[in-house]
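Student: I'd like to ask you about the structure that follows.
The values are calculated or read from the model by the stated rules, or taken from the named source; none is laboratory data. All figures in this text were calculated on a predicted structure; none of them were measured in a lab. All Cβ positions, even for glycine, are placed from backbone atoms using ideal geometry, and neighbour counts span all protein chains on display. Please note that ligands, DNA and RNA were not included when accessible areas were found on the heavy atoms of the full protein model with its side chains. Shrake-Rupley method; radii C 1.70, N 1.55, O 1.52, S 1.80 Å.
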Amino acid sequence: MSPLVTMIVRSMDRPELAGTLASIAHQDYPAVETIVVDATGGRHRALPTGQQRAGHTIRVIDAGKPLRRAQAAALGLESARGEWFTFLDDDDTC
């Protein structure tokens, strides 16, 4: 079984988020957890719909208040379940 990789995406609800999530969905690694950290303080729209690869999951977390980049990263780390992890912002792709 492959170790779980957590992709922590800090999001300010930018339009580029759809491209970020699509780039993660295109990864062929079999065990990927995507955590979208809502750094807007609860104003984040629903995630763009897209097809997830088998073995990939996605979830949104928030602190109920606006977060700075470091705070969003820390919240993502606290929520990560993966053995490995990486960070993206909502305008990055991989």
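Student: Return only the number of the condition from (1) touching a strand residue (DSSP E or B) at 6+ places or on another chain (Cβ under 8 Å); (2) under 11 Å from D89 (Cα atoms); (3) not hydrophobic (A, V, I, L, M, F, W, C); (4) not in a strand (DSSP E or B) that R10 does not satisfy.
Tutor: (4)
Student: Oh, and also: Looking only at residues that are touching a residue at least 40 places away in the same chain (Cβ under 8 Å) and basic (K, R) in the range 1-56, which one is least open to solvent (accessible area, probe 1.4 Å)?
Tutor: Filtering first and then ranking leaves R10.
Student: Still on this structure, I have one more. Can you tell me which residues in the range 59-75 are open to solvent by 20 Å² or more (accessible area, probe 1.4 Å) and out of contact with any Gly (no Cβ under 9 Å at 6 or more places or on another chain)?
Tutor: Within the range 59-75, R59, V60, R68, R69, A70, Q71, A74, L75 qualify.
Student: Kindly indicate whether any position in the range 52-63 is within 15 Å of T93 (Cα to Cα) and touching a Leu at 6+ places or on another chain (Cβ under 9 Å). Before you say what the answer is, go through the steps one by one.
Tutor: So the first thing to find is which residues in the range 52-63 are within 15 Å of T93 (Cα to Cα), and the list is none.
No: the range 52-63 contains no residue that is within 15 Å of T93 (Cα to Cα) and touching a Leu at 6+ places or on another chain (Cβ under 9 Å).
Student: Let me ask something additional. What number of residues within the range 43-59 are within 14 Å of I24 (Cβ to Cβ), assigned to a loop (DSSP other than H, G, I, E, B) and in contact with an Asp or Glu (Cβ under 7 Å, 6 or more places away or on another chain)?
Tutor: 0
Student: Look through the range 60-87, keep the residues that are under 19 Å from D28 (Cα atoms) and assigned to a strand (DSSP E or B), and return whichever of them is nearest to the chain's Cα centre (by Cα).
Tutor: So the residue we want is F87.
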